[in-house]
Amino acid sequence: LRMVIMGPPGAGKGTQSPRIKDTFCICHLATGDMLRAAVRAGTQIGKEAKKVMDAGGLVSDDIMVNLIKENLETNPECKRGFILDGFPRTVVQAEKLDDMLHARRQKLDKVVELQIDDALLVARITGRLIHPSSGRTYHSVFSPPKKTMVDDVTGEPLVQRSDDNAEALKTRLAAYHKQTVPVANYYKRQGLWRGVNADQPQEAVWANLAAIFAERK
Ligand code: AP5
Ligand code: ZN
């Protein structure tokens with residue numbers, strides 16, 4: 001399976017993707033997680049990305065395309081397929097991805113957009129807690145960890161993302177509508193796009209995704 005999962009900030013991409021990854025034994029490339037790891041490691045890319053991310057803007061297409069290219073080429077887990085979460089976010093990125101896959105004689109099987117009203121996203125974003133090293137995601141109300149503020153698996157502390165505040169969210173949503181909605185249209189023209197209602201309990205969203213995977217095409 002080679003797929004893209006898209007949707008506005010807080011729609012549930014990072015929540016649903018690990019389950020897709022485990023079901024199909026494919027790699028999960030989450031560009032936001034990759035950039036946050038670069039910030040923690042203090043790399044050049046991390047330094048460039050930090051300010052842009054905290055403000056809710058988009059990191060340059062060049063950096064993002066290279067990051068994905070490198071991973072698709074070198075990550076052995078990606079051999080069986082991949083789920084791209086947070087990429088492509090601009091039409092330029094989508095075109096570059098098509099070129100990359102074309103050169104490998106591959107193509108995307110599915111593009112799923114998690115659809116939800118902007119108004120519902122503030123509560124999801126401001127209550128989110130993450131386990132930085134794994135990217136595991138919780139919510140203080142909707143999906144709390146077993147023990148307050150610690151990861152269920154490792155027992156390590158959970159943190160809030162530095163871009164998870166109401167102000168940065170406004171900029172992130174604006175970027176989504178301006179730059180990423182055209183990407184959805186790009187895939188609609190290719191006949192790859194499927195929409196899923198993301199304003200449902202996690203299990204119901206998963207059931208809708210599973211139905212899409214079961215479609216022949
Ligand atoms: P990124 O990390 O991709 O952030 P995002 O797109 O804003 O998406 P989120 O991670 O906020 O949302 P999500 O859909 O994963 O939600 P989640 O499942 O966690 O990117 C961050 C930044 O990096 C960007 O702003 C940009 O600067 C840069 N960047 C990344 N990729 C880039 C690219 N390609 N080009 C340029 N720049 C790039 O869920 C949210 C919360 O809701 C959680 O607490 C969860 O528990 C809860 N929740 C999930 N599902 C449900 C449900 N069904 N019901 C109730 N609560 C739920
Ligand atoms: Zn995410």
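The values are calculated or read from the model by the stated rules, or taken from the named source; none is laboratory data. The structure presented is a predicted model; accordingly, all values stated were derived computationally and were not measured. Cβ atoms come from the backbone with ideal geometry, glycine included; neighbour counts cover every protein chain shown. The accessibility values were calculated without ligands, DNA or RNA, using every heavy atom of the protein model including side chains. Shrake-Rupley method; radii C 1.70, N 1.55, O 1.52, S 1.80 Å.
Note that the chain presents 52 Å² accessible area per residue, ligands and nucleic acids not counted, probe 1.4 Å.
Taking the Cα centre of segment 22-110 as origin, work out the dipole magnitude from +1 charges on Lys and Arg Cβ and -1 charges on Asp and Glu Cβ, in debye rounded to 20.
100
Here the mean projected area of the convex hull built on the C-alpha positions of segment 162-208 is 4.6 nm².
For segment 52-203, the share of alpha carbon pairs falling in successive 5 Å distance bins from zero is 2, 8, 14, 18, 19, 18, 14, 6, 2, 0 percent.
Rolling a 1.4 angstrom probe over the chain with all protein chains present gives an accessible area of which 53% lies on carbon and sulfur atoms. Here segment 10-79 and segment 109-187 have alpha carbon centers that stand 14 Å from each other. How large is the Kirkwood hydrodynamic radius of segment 97-159, in angstrom, based on all distinct alpha carbon pairs? One decimal place: 14.5 Å for the Kirkwood radius. For the chain, the mean residue ellipticity at 222 nm estimated from helices alone is -14000 deg cm²/dmol, where every DSSP H run of n ≥ 4 contributes -39500 (n - 2.57) and the total is divided by all residues, rounded to the nearest 500.
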